[in-house]
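Scroll down for the structure; my scribbles are underneath it.
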Amino acid sequence: MVSEEQRNSALTLNSQEFDFICRYVHERTGIVLGEGKREMVYRRFSRIIRDRGLASFSDYCRLLKANPEQEQTYFINAITTNLTSFFREQHHFDYLGQQELPALLAENGQKRLRIWSSACSTGEEPYSIAICLSEAMQGQLSRWDVKVLATDIDSNVLSKAQQGIYDRDKIADLPQEIKSKYFQKGTGSQTDKIRVAGSLSELITFKQLNLLHQWPMKGVFDVIFCRNVIIYFDKDTQQDLFARYYEYLKPGGLLMLGHSESLGEFQKYFDNIGRTIFRKPLAKGGEPLQAQAVS
Ligand SMILES: C[S@@+](CC[C@H](N)C(=O)[O-])C[C@H]1O[C@@H](n2cnc3c(N)ncnc32)[C@H](O)[C@@H]1O
């Protein structure tokens, strides 16, 4: 049992413990933590160590070694960076709503649309996609088979996303028309909160998925959002993921990356059609290009 005094004394993180935690995080999540992240590792893991009533980083490292699976959720939720917002990087949603969706609707083929928000964090990204869909499709939604898949590795952010309840200031910058159409104001003790409309939630399925693991989805997507997540991974992991995103896009489908992310060597398999917007080329001679992970 750890005394109050021990718990409150400053924890120390030595190089061995730091290296062990970095290796462990990389193996389990793909996230690369360098020396520059020492302060963050210290802060976030100190909280877990205290919450769990442990006395030191070495105790925590021992616990990680002894119960790797059991401890996984705690440390994954502690180490992920979940910054996001509604209509973050607005140009992606402008392109989706004004160009891509009208073109897909005009195709008038199978009346089926699939969009994947592959690191959805607390849900603002998939809800923004759902708003674009509702706006572009107006009264046609019920005649189409439309689904947004929203996945993330972090179980805490997923449950917040599923609730669809946010602080009111999160939507302060949205146009009034969008606010009144898609958000309900909280009442009583919840006046500083808003809730996303049920019509948006109905379009979205939230699931936990570690991008490093097998992807269980069967079909291909019209659009994939992979924004502000691969930046945390090393080059090999990024290239492996791009190969998989390519396979999971239908020919002509779109891949959206975050503002500071690029396809690297994989760029040659896509057409760059806008700021961090990439299109998988349509079949050449009837067959899509086959991309492989570039080693
Ligand atoms: C900075 S947020 C990006 C949210 C949103 N895509 C955006 O651009 O606003 C990064 C998200 O990636 C998730 N993430 C990190 N590693 C992951 C992994 N291996 N598999 C799935 N999601 C992961 C984190 O949990 C976090 O919610």
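The values are calculated or read from the model by the stated rules, or taken from the named source; none is laboratory data. Here the structure is a predicted model, which is why all the values come from computation and not from measurement. Cβ sites come from the backbone with ideal geometry, for glycine too, and all protein chains shown count toward neighbours. Surface areas here come from the heavy atoms of the whole protein model, side chains and all, with no ligands, DNA or RNA. Shrake-Rupley method; radii C 1.70, N 1.55, O 1.52, S 1.80 Å.
Going from the alpha-carbon gyration tensor of the chain, what semi-axes, largest first and in whole Å, does one get by taking the root of 5 times each eigenvalue?
Values: eigenvalues 277, 135, 43 Å².
Over the Cα atoms of the chain, the semi-axes work out to 37, 26, 15 Å.
Using only Cα atoms and rounding to the nearest 10 degrees, what angle (0 to 90) does helix 68-79 make with the longest principal axis of the chain?
Orientation of helix 68-79: about 70 degrees from the principal axis.
If you average the alpha carbon positions of segment 233-268 and of segment 47-109, how far apart do those two centres end up, in angstrom?
Measuring centre to centre over Cα atoms gives 18 Å.
Quick check: the angle from helix 57-66's long axis to the longest principal axis of the chain, C-alpha only, nearest 10 degrees?
60 degrees
State the antiparallel share, in %, of DSSP beta bridges confined to the chain, rounding to the nearest 5.
Among the beta bridges of the chain, antiparallel pairing accounts for roughly 40 percent.
When N is the residue count of segment 4-79, what does its C-alpha Rg come to as a fraction of 2.2 N^0.38 Å? The partial results should precede the final answer.
Values: Rg = 11.6 Å, N = 76, 2.2 N^0.38 = 11.4 Å.
Relative to the rule-of-thumb radius for its length, segment 4-79 sits at 1.02.
With unit charges on the beta carbon (Lys/Arg positive, Asp/Glu negative), name the residue among V223, A66, Q16 whose Cα is farthest towards the positive pole of the charge dipole of the chain.
The residue sitting most towards the positive pole is V223.
By how many degrees, 0 to 90 and rounded to 10, does the Cα axis of helix 15-29 deviate from the longest principal axis of the chain?
30 degrees
What is the spin-label model distance, in nm, from D169 to D192 if the labels are put 7 Å beyond Cα along the C-beta direction?
0.8 nm
Just the Kirkwood number for segment 65-172, please: inverse of mean 1/r across all distinct Cα pairs, in Å, one decimal.
After inverting the pairwise mean of 1/r, the radius is 15.6 Å.
Write down the radius of gyration of segment 105-239 and its Dmax, each obtained from C-alpha positions, in Å.
Rg, Dmax (Cα atoms, Å): 16.1, 51.
Across the Cα atoms of segment 202-279, what radius of gyration and what greatest pairwise Cα-Cα distance (Dmax) are found, in Å?
12.3, 38
At a 1.4 Å probe radius, which order do H26, H92 fall into by accessible area, largest first? Intermediate values should be presented prior to the final figure.
Details: H26 70, H92 0 Å².
Heavy-atom accessible area, descending, gives H26, H92.
Keeping the other protein chains in place, figure out the carbon and sulfur percent of the accessible area of segment 1-130, with a 1.4 Å probe.
Of the solvent-accessible surface of segment 1-130, carbon and sulfur hold 47 percent.
Defining a contact as two alpha carbons under 8 Å apart and six or more residues distant in sequence, what relative contact order in percent does segment 19-102 show?
Values: 30 pairs, mean separation 20.8, N = 84.
Dividing the mean separation by the residue count of segment 19-102 yields 25 percent.
Rounded, prolate or oblate for segment 83-128? Axes are the square roots of the Cα gyration tensor eigenvalues, ordered a ≥ b ≥ c, and the cut-off for rounded is a/c under 1.5.
Here segment 83-128 falls in the oblate category.
Using a cut-off of 15 Å between beta-carbons, work out the net charge of the residues near A172 (Lys and Arg +1, Asp and Glu -1, A172 not included).
0
Suppose the chain between K185 and S159 were pulled fully straight at 0.36 nm per residue; how much longer would it get relative to their current alpha carbon spacing?
7.4 nm
Using the heavy atoms of the protein chains alone and a 1.4 angstrom probe, what is the accessible area of segment 4-79 per residue in square angstrom?
56 Å²
Assuming a ≥ b ≥ c are the square roots of the Cα gyration tensor eigenvalues, decide whether segment 132-184 counts as rounded (a/c under 1.5), prolate (otherwise, with a/b larger than b/c) or oblate. Let's see the in-between values first.
Values: a/c = 2.83, a/b = 1.16, b/c = 2.45.
It comes out oblate by the Cα gyration axes.
Given the Cα-Cα distance of K250 and D271 and 0.36 nm per residue of separation, how much length would full extension add, in nm?
Contour length minus the Cα-Cα distance gives 6.2 nm.
Modelled label-to-label distance, Q70 and K207, 7 Å Cα→beta-carbon offset: nm?
So the label points at Q70 and K207 sit 2.9 nm apart.
I need the peptides 121-127, 134-140 ranked by packing, meaning the mean over residues of other C-beta atoms within 10 angstrom, with the highest value on top.
The most tightly packed comes first, giving 121-127, 134-140.
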